[in-house]
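Taking it in order: structure first as structure tokens, then the write-up.
The values are calculated or read from the model by the stated rules, or taken from the named source; none is laboratory data. Being a predicted model, the structure only gives us computed values, none of them experimental. Positions of Cβ are generated from backbone atoms using ideal geometry, with glycine treated the same way; all protein chains shown enter the neighbour counts. Just the protein is used for accessible areas: all its heavy atoms, side chains included, with ligands, DNA and RNA removed. Shrake-Rupley method; radii C 1.70, N 1.55, O 1.52, S 1.80 Å.
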Amino acid sequence: MMKKTASAFLAPWSPSKSGFLALLCMGLLSVTPATAQQSQGYPTKTVKVLVGYAPGSSTDIVGRLLSQSLSETWKRPVIVENKAGAAGNIAADLTAKSAPDGYTLLFAQNGLAISTAANPKLPFNGETDLIPVVAVAATPHILVVPSASSAQSVQDLIKLAKSSPRKLNYASSGIGNSDHMAAELFKVLAGIDGVHVPYRGGSLAATDTVGGQIDFYFAGMPVGLPLAQGGKLRALAVTSKERFAPAPEIRTVAEQGVSGYEHVLWQGFFMPKGTPAELVKKVSDDVIRIVSSREMQENMASKGITAIAMPSSAFKDYYLRDISKWRKVVKDSGITLE
């Protein structure tokens, strides 16, 4: 049970336009002839991308989109394998224990940093056993309710929750994942409670929200926004500090009276410890080129994804800071994710 303190909940990296451009330039300038020579010939066979969430989840959608583009770039198959469960940690553990030869990648999100910070019983060390390669997205969640729900706004939802303590349930794609923590932060700041129902992926959570078995869900944008726009769910808010550009009509949680609320989902690639630096850089550089293209930016935007291009060195610094942030959150709140 979380205490009523939330000062430690700081937003993950939410890039400004200038910040994005700076990181984009940093990534493009990092591509050197020496690196190209060192990694010449890679890959020579199929590359496997492990995703720790079910097909159709937000992380799966982005991971598959970029894996397809990498396959086209490398002229080699890049195959996504879903290893759903344990807040993405099954896939992370398999990656950490795989050969550091560049042929196994992990596509992960905030849940990896949260689990590393909060679960001392992980079978791998999230700080040392995985190399942050490149971050590709930083997107808010979208708070949705069933279309038949009486809640038309965030304040309506809060009133419903307060009128029936611990009667409303809320979904997540797994304990400790970004959507779970988005809901926990909301509970703390709104002064409400509820029953957490974890799923093995965001698409499964969204399906039960559409069906009315779930009262509210902080869905990943690629999953929740199309369902809301199609009338299958009602969007109440986005979790970013400012409104989400592809859907500016949806107000933020903070705008609707929950002061200080802000939470963003990041996603990126990792490789096993011991992977040669030139291969890490090769993957980072190639992904940055893909994400930096106008075609990919427009493609990701059409799916409700905010594209970024954070190269390995910057991503590593950010990832370690995120782990430290969540350690403080866990300590201050008393939440247990084991």
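Please sort through the DSSP H helices of the chain and keep those with an alpha-carbon extent of at least 30 Å along the long axis and a Kyte-Doolittle average not below -1.0. All intermediate terms of the calculation are to be shown ahead of the outcome.
Working: long enough: 312-333 (31 Å, -0.93).
Result, helices passing both filters: 312-333.
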note = If unit charges are put on Cβ atoms (+1 for Lys and Arg, -1 for Asp and Glu) and the dipole of the chain is taken about its Cα centre, the option from ILE158, VAL253, VAL287 lying farthest towards the positive end turns out to be ILE158
task = Return the ratio Rg/(2.2 N^0.38 Å) for the range 237-338, where Rg is computed over Cα atoms only.
result = 1.34
task = Among ALA87, GLY102, ILE131, flag the residue with its Cα farthest along the positive direction of the charge dipole of the range 38-180, charges on Cβ as +1 for Lys/Arg and -1 for Asp/Glu.
result = ALA87
query = Given just the C-alpha atoms of the range 31-185, how large is their convex hull per residue in cubic angstrom?
reply = 146 Å³
Computed Rg/Rh of the range 152-255, alpha carbon atoms with Kirkwood Rh = 0.92
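Roughly how big is the chain's charge dipole about its Cα centre, with Cβ charges of +1 (Lys, Arg) and -1 (Asp, Glu), in debye to the nearest 20?
Around 280 debye, computed over the chain.
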remark   = Rg/Rh of the range 203-273 (Cα atoms, Kirkwood Rh), to two decimals, equals 1.03
request  = Could you order peptides 301-310, 119-128 by the average number of other Cβ atoms within 10 Å of their residues, highest first?
outcome  = 301-310, 119-128
task = Considering only SER259, SER284, SER324, give the residue with the highest GNM mean-square fluctuation for the chain, with springs between Cα atoms whenever their separation is below 10 Å.
result = SER259
key: Across LYS281/LYS328; LYS48/LYS273; LYS303/LYS331; LYS121/LYS273; LYS83/LYS303; LYS83/LYS121, pairs whose alpha-carbon gap is larger than 26 Å   = LYS281/LYS328; LYS303/LYS331
message = With N set to the number of residues, divide the alpha-carbon radius of gyration of the range 180-235 by 2.2 N^0.38 Å and report two decimals.
response = 1.11
query = How much of the accessible area of the chain, probe 1.4 Å, is carbon plus sulfur, in whole percent?
reply = 54 percent
task = Enter the accessible area per residue of the chain (Å², integer; probe 1.4 Å; all protein chains in place).
result = 40 Å²
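For the range 52-98, what does the convex hull of the Cα positions come to per residue, in cubic angstrom?
Output value, Cα hull per residue: 68 Å³.
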key: Rg(Cα) / (2.2 N^0.38 Å) computed for the chain, rounded to two decimals   = 0.96
remark   = the range 101-155 and the range 250-274 have their Cα centres apart by a whole-number Å value of 9 Å
key: Electrostatic dipole magnitude of the range 91-229 [Cβ: Lys, Arg +1; Asp, Glu -1; Cα centre; debye, to 20]   = 400 debye
